[in-house]
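*Asks:* Please see the structure below; I have some questions.
The values are calculated or read from the model by the stated rules, or taken from the named source; none is laboratory data. Since we're looking at a predicted model, the values are computed, not measured. In this analysis, Cβ positions are derived from the backbone assuming ideal geometry, glycine residues included, and neighbour counts consider all displayed protein chains.
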Amino acid sequence: MLRINDRITIEDWELSEQFIRASGPGGQNVNKVSSAVELRFEAERSPNLPPPVKTRLRKLAGRRWSKDGALILQVDETRSQARNREIARDRLGALILQACEKPKRRIPTKPTLGSKKRRLQAKKVRGEVKSLRGRVDGDI
C-alpha cells in the first residue's frame with residue numbers, strides 16, 4: 001500500500017512491477033541482472049483517485065500514460081533493484097501529489113494605458129529605424 005496523502009492511498013493490486021535489464025554502464029552485471037524496474041499503475045481503474053485528479057495526472061504523465069489508462073514509470077538509475085523500486089514508488093507518489101494540486105484559475109486582465117502607449121512608442125521607434133535603412137542619395 002502506498003500512502004499519498006490523508007485522503008489518497010494506492011492499493012497493492014493497482015500496482016504491478018516488472019524487472020527488466022538496465023542499459024548503460026555496469027560491465028557484465030548489466031547483461032546478467034534485471035535491476036531496472038517498470039512500475040505500472042492502473043490509474044484509470046483506480047477507485048481511490050477522484051476524476052479531476054485522474055485528468056490532471058493524465059496531462060502530467062504525457063507519454064508515460066498508456067492507451068489502456070495505466071501510468072508506466074521506468075527507473076534504471078542505480079544498480080540496486082530495491083533502490084530502483086523505491087525511486088519508482090517515490091516518483092509515482094510525487095506525480096500523484098502534483099496532480100492533486102488544483103491549478104489557480106487565471107483571471108484575464110486588460111493591458112494598462114501606459115503599457116499600450118509604451119508599445120505604440122516602441123513600434124514607432126522601430127519603424128523609424130527601419131525607414132532609415134533605405135538607399136542613401138549622395139549629391140556630394
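*Asks:* Restricting to segment 68-127, name every residue that is touching a Phe, Trp or Tyr at 6+ places or on another chain (Cβ under 9 Å) and more than 30 Å from residue 51 (Cα to Cα).
*Replies:* Once the filter is applied, which keeps residues that are touching a Phe, Trp or Tyr at 6+ places or on another chain (Cβ under 9 Å) and more than 30 Å from residue 51 (Cα to Cα), segment 68-127 yields only 81.
*Asks:* If the Cβ limit is 6 Å and pairs must be 6+ apart or interchain, which residue in segment 2-15 that is touching a residue at least 60 places away in the same chain (Cβ under 8 Å) and among the β-branched types (Val, Ile, Thr) pairs with which residue that is in a loop (DSSP other than H, G, I, E, B) and surrounded by 10 or more Cβ atoms within 10 Å (Cβ to Cβ)?
*Replies:* So the pair list comes out as 8/48.
*Asks:* Restricting to segment 112-126, what's the tally of residues that are exposed (fewer than 10 other Cβ atoms within 10 Å of the Cβ) and either of a type in the set (Gly, Ala, Ser) or modelled with pLDDT under 95 (or both)?
*Replies:* 1
To keep it simple, each residue is scored yes or no on (1) surrounded by fewer than 12 Cβ atoms within 10 Å (Cβ to Cβ); (2) more than 14 Å from residue 2 (Cβ to Cβ); (3) in contact with a strand residue (DSSP E or B) (Cβ under 7 Å, 6 or more places away or on another chain).
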site	(1), (2), (3)
47	yes, yes, no
54	no, yes, no
77	no, yes, no
85	no, no, yes
107	yes, yes, no
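*Asks:* Could you tell me whether residue 22 is closer than 13 Å to residue 92 by Cβ and surrounded by 14 or more Cβ atoms within 10 Å (Cβ to Cβ)?
*Replies:* no
*Asks:* Further, regarding this structure: In the list 54, 32, which residue meets the criterion of being closer than 18 Å to residue 83 by Cβ and of a type in the set (Lys, Arg)?
*Replies:* None of the other options fit; the residue is 32.
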